[in-house]
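Student: Following this message is one structure expressed as structure tokens.
The values are calculated or read from the model by the stated rules, or taken from the named source; none is laboratory data. Predicted model, so just to flag it, every value in this text is computed and none were measured. Every residue, glycine as well, gets a Cβ built from its backbone with ideal geometry; the counts of neighbours run over all protein chains shown. Protein only, heavy atoms only, side chains kept; ligands, DNA and RNA dropped before computing areas. Shrake-Rupley method; radii C 1.70, N 1.55, O 1.52, S 1.80 Å.
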Amino acid sequence: MELLSNRPAHASVPDKYVFPPEKRAALLDDAPGSDVALPVVDLQRAALSDPGRRRLVAEEIVKAGKEFGFFQVVNHGVSEDVVRGFREASAEFFAMPAEEKLPYCSDDQSKPFRVASSTSYDRNQTRYWRDYLKLRCHPVSDELVGHWPAKPESFRSSLAEFSAQVHELAQTLLLLIAEGLGLDGGFFAGDLSGGDTQMNVNYYPPCPDPSVTLGLLPHCDRHLLTVLSQGDVAGLQARYRGRWILVRPVPGAFIINFGHQMEIVTNGVLASVEHRALTNSAVARMSVATLIMPKMDCLIGPAPEMVSEENPAKFREFVFREFMAAYDTAAASREDVLEYFRIEDH
Ligand code: OGA
Ligand code: NI
């Protein structure tokens, strides 16, 4: 497997990474929509036990979620040192010589830890300008940790700490989302969020010509909720009112977005929004996405509380495993995958 992170230096973009003009993105600096800023929600983790404050935070989250499907959170309770620790360990991993990474290189999605590069979900042959780690991080066990790399030395311990804290943040967010929607506080607990948690550590090396490449194709996430650390380098764009807006780095923030399962259980109220990653020529960019998943055999459909005469059920019931298969077939395209599960209006 050819890893971008182990190519010496890129003088120009090899042909297989060059997208046809209609699939390219406007350059980061003059991307349209750079003027719209995503809401930044102050989670006030320390104050959430106060019912009044808590209600306001929950309302703010749901408001941002309904309008954008994406928002950032600060004061989220994940320690800065823990974030830095795992980001540094991951950067060191990508910087290792190819031989050290080779044993982990694989496209087999069942592996609990693997390294891969450039996957094209859309099956056209053009490759994305990205290497990535794909790993399982929760529930943690000695057996699972044994699959994580022993080098660099801090990798396993920093990942375990980061994963535990991000997981707690995700649970808090799910509680607040449920409360903000007027659902039972435990609505998302249990099988809806109880599947094995996965992480994508995305690494986008500097690219000699960002105008002809993409780091990650436009896609929606297939699971329930994504908690993303993008660091301080811009590159993520989200779809908003028919255009792409830049998700500006906010120091220490996590970016939160909804996966397809959130859109389906809320019957369309909290939509899964398309996003993509651009490359840049100056510096490498690394993002860490934690993906909260339903259990594979979880039965999913619009919550009865979210269905009414004015908002009739938009999706049929299915088992999450079925959705995973449809997502692969639809090659991550938002409308193609939802097509399998939508109930037509009459
Ligand atoms: C993802 C993703 C965005 C980024 O991993 O699903 O959308 O900024 N990542 O790397
Ligand atoms: Ni994504």
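Student: Might you let me know whether region 80-92 holds any residue that is under 29 Å from residue 185 (Cβ atoms) and not β-branched (Val, Ile, Thr)? Walk me through how you get there before you give the answer.
Tutor: The first filter runs over region 80-92 and keeps only residues under 29 Å from residue 185 (Cβ atoms), leaving 80, 82-83.
Narrowing the set further to residues that are not β-branched (Val, Ile, Thr) leaves 80.
Yes, region 80-92 contains at least one residue that is under 29 Å from residue 185 (Cβ atoms) and not β-branched (Val, Ile, Thr).
Student: Also, quick follow-up: Is there a residue being touching a residue at least 40 places away in the same chain (Cβ under 8 Å), open to solvent by less than 70 Å² (accessible area, probe 1.4 Å) and acidic (Asp, Glu) anywhere in region 41-54?
Tutor: There is no residue in region 41-54 that is touching a residue at least 40 places away in the same chain (Cβ under 8 Å), open to solvent by less than 70 Å² (accessible area, probe 1.4 Å) and acidic (Asp, Glu).
Student: Determine whether region 294-303 contains at least one residue that is open to solvent by 40 Å² or more (accessible area, probe 1.4 Å), more than 16 Å from residue 220 (Cα to Cα), of a type outside the set (A, V, I, L, M) and more than 14 Å from ligand 2 (Cβ to nearest atom). Explain how you work it out, then say what you get.
Tutor: We begin by selecting, within region 294-303, every residue open to solvent by 40 Å² or more (accessible area, probe 1.4 Å); these are 295-297, 299.
Retained after the next criterion (residues that are more than 16 Å from residue 220 (Cα to Cα)): 295-297, 299.
Within this subset, residues satisfying the condition of being of a type outside the set (A, V, I, L, M) are 295, 297.
Next, only the ones that are more than 14 Å from ligand 2 (Cβ to nearest atom) stay: 295, 297.
Within region 294-303, one or more residues are open to solvent by 40 Å² or more (accessible area, probe 1.4 Å), more than 16 Å from residue 220 (Cα to Cα), of a type outside the set (A, V, I, L, M) and more than 14 Å from ligand 2 (Cβ to nearest atom).
Student: Under the condition of being within 16 Å of ligand 2 (Cβ to nearest atom) and either at positive phi or touching a helix residue (DSSP H, G or I) at 6+ places or on another chain (Cβ under 7 Å) (or both), which residue from region 200-213 is most open to solvent (accessible area, probe 1.4 Å)?
Tutor: If we filter region 200-213 for residues that are within 16 Å of ligand 2 (Cβ to nearest atom), which is where we start, we get 200-204.
With the extra rule that they be either at positive phi or touching a helix residue (DSSP H, G or I) at 6+ places or on another chain (Cβ under 7 Å) (or both), the set shrinks to 201, 203.
Details: 201: 0, 203: 45 Å².
So, considering only residues that are within 16 Å of ligand 2 (Cβ to nearest atom) and either at positive phi or touching a helix residue (DSSP H, G or I) at 6+ places or on another chain (Cβ under 7 Å) (or both), the one most open to solvent (accessible area, probe 1.4 Å) is 203.
Student: So which pairs qualify, if the first residue must be in region 216-229 and among the β-branched types (Val, Ile, Thr), the second must be near ligand 1 (Cβ under 6 Å from one of its atoms), the Cβ gap must be under 7 Å, and the two must be at least 6 apart or on different chains?
Tutor: 226/289
This table checks each residue for (1) of a type in the set (Gly, Ala, Ser); (2) more than 16 Å from ligand 2 (Cβ to nearest atom); (3) touching a Cys at 6+ places or on another chain (Cβ under 9 Å); (4) not in a strand (DSSP E or B).
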| position | (1), (2), (3), (4) |
| --- | --- |
| 309 | no, yes, no, yes |
| 323 | no, no, no, yes |
| 326 | yes, yes, no, yes |
| 331 | yes, no, no, yes |
| 344 | no, yes, no, yes |
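Student: Could you please find all residues in region 257-271 being within 16 Å of ligand 1 (Cβ to nearest atom), in a loop (DSSP other than H, G, I, E, B) and over 10 Å from residue 225 (Cβ atoms)?
Tutor: Result: 271, single match.
Student: Has region 226-240 got any residue that is under 30 Å from residue 304 (Cα atoms) and away from ligand 1 (no atom under 14 Å from the Cβ)?
Tutor: yes
Student: List pairs: first in region 141-153 and more than 17 Å from residue 110 (Cα to Cα), second among the charged types (D, E, K, R) and not in a loop (DSSP other than H, G, I, E, B), Cβ under 8 Å, 6+ apart or cross-chain?
Tutor: Hits for this filter: 150/156; 151/100; 152/92.
Student: Among the residues of region 150-196, count how many are crowded, with 19+ Cβ neighbours inside 10 Å and in a loop (DSSP other than H, G, I, E, B).
Tutor: Adding up the residues that qualify gives 4.
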